[in-house]
1. According to a simple spin-label model (label point 7 Å from Cα along Cα-to-Cβ), what is the distance in nm between Tyr124 and Ile95?
2. Let me have the 222 nm mean residue ellipticity of the chain computed from DSSP H runs of 4+ only, each contributing -39500 (n - 2.57), with the sum over all residues rounded to the nearest 500.
3. Going by how many other Cβ atoms sit within 10 Å of their own, how do Ile212, Ile224, Ile268, Ile27 line up, fewest first?
4. Could you give me the percent of Cα pairs per 5 Å distance bin for the stretch 2-274, shortest bin first, beginning at zero and ending with the bin that holds the maximum distance?
5. Taking the Cα centroid of the stretch 166-197 and of the stretch 225-248, what is the distance between the two, rounded to the nearest whole Å?
6. Order of 65-74, 231-240 by packing, highest average Cβ count within 10 Å first?
7. Tell me, what is the percent relative contact order of the chain, built from C-alpha pairs under 8 Å that lie six or more residues apart?
8. With a cut-off of 17 Å, note down the residues of the stretch 141-160 whose backbone N falls inside the zone around a label point 7 Å from the Cα of His80 toward its beta carbon.
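Just so you know, all these numbers are worked out from the coordinates, no wet-lab data involved. Remember, predicted model here, so these are calculated numbers, not experimental data. Ideal geometry is used to build each Cβ from the backbone, glycine not excepted, and the neighbour counts take in all protein chains shown.
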Amino acid sequence: MLEYLYLLTAGLVGGLLAGFLGIGGGIAFITILPIAITATTQIPSEEMVPFVIANSLFATVFASISGCLALIRRSSFYYHEVAYVALGAISSGLIVNELVHLGHWYSKEKFSIVIIAFLSYLVYTVIKNRNSEGENSAVVEHYKLKLFGGGVASGVISALSGLGGGTVLVPILGKYCQMKVHKSKSISLGMIFCFSFTVSIINFMSTVDLNIGMYHIGYILPEIVVPMGLGALIGSPLGVKFSHNAKPVVINIVFSLFILFLIVKYLIYIFECFF
């Protein structure tokens with residue numbers, strides 16, 4: 001019973017982050033999933049990464065859809081921009097997702113290095129943009145192409161890390177499309193739902209030739225991911241609500257500290273693997 005409470009809490013935190021920052025909530029999911037999968041299944045360590053990514057993305061479906069509905073109710077959802085970004089993300093993400101499932105080349109060590117790199121980049125963007133005031137009224141050249149390109153980059157990152165892709169999309173939209181942070185977060189959350197939902201369908205339909213020791217549908221582990229998803233459904237609308245009232249400086253400090261904690265966690269794991 002206690003493990004379900006942990007999973008529900010992780011989902012709640014992930015949902016809050018998804019709605020609050022528009023990054024999907026995967027930061028919380030990838031932290032708890034390796035622990036939960038190791039404790040409850042017979043999945044070998046070298047086979048774990050695809051399961052972590054697949055279930056993180058499926059939990060992200062719950063976090064992002066409830067956040068999107070909250071944005072729609074506030075009339076803050078941008079359908080056309082989401083469509084262009086999501087098309088780019090799905091196009092690149094499905095290809096990378098298939099590559100991750102091929103063979104054993106993508107180990108936990110490589111996965112950890114990817115996570116550290118993207119989390120470090122995220123801290124950098126948060127610090128760099130802490131005083132950003134947002135949108136420029138000038139017309140952005142190649143606007144739709146930049147939206148699509150941002151989606152492509154996000155899809156690659158999502159498929160490699162399970163983080164949702166907003167870690168890169170939000171700063172791309174701010175820098176190259178001259179968007180305010182609230183608009184870029186809204187578009188990011190919409191893209192994340194479209195991408196994670198599409199990839200989750202593929203992961204549901206995948207064939208897994210392993211003795212997992214737990215009921216599964218493809219790469220999805222319902223006993224683990226459903227409690228997380230329920231927590232995310234609760235947390236994401238709250239995150240959207242809080243983001244409209246929070247002070248940017250406080251948000252940046254707390255979020256950066258949380259990311260730095262995760263970076264240290266994965267650095268310790270890599271150190272233990274190689275030394």
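1. So the label points at Ile95 and Tyr124 sit 2.4 nm apart.
2. -26500 deg cm²/dmol
3. The order, fewest Cβ neighbours first, is Ile268, Ile212, Ile224, Ile27.
4. 1, 6, 14, 18, 20, 18, 11, 6, 3, 1, 0, 0
5. 17
6. Most protected by this proxy first, the peptides run 231-240, 65-74.
7. Relative contact order comes out at 39 percent.
8. 141-149
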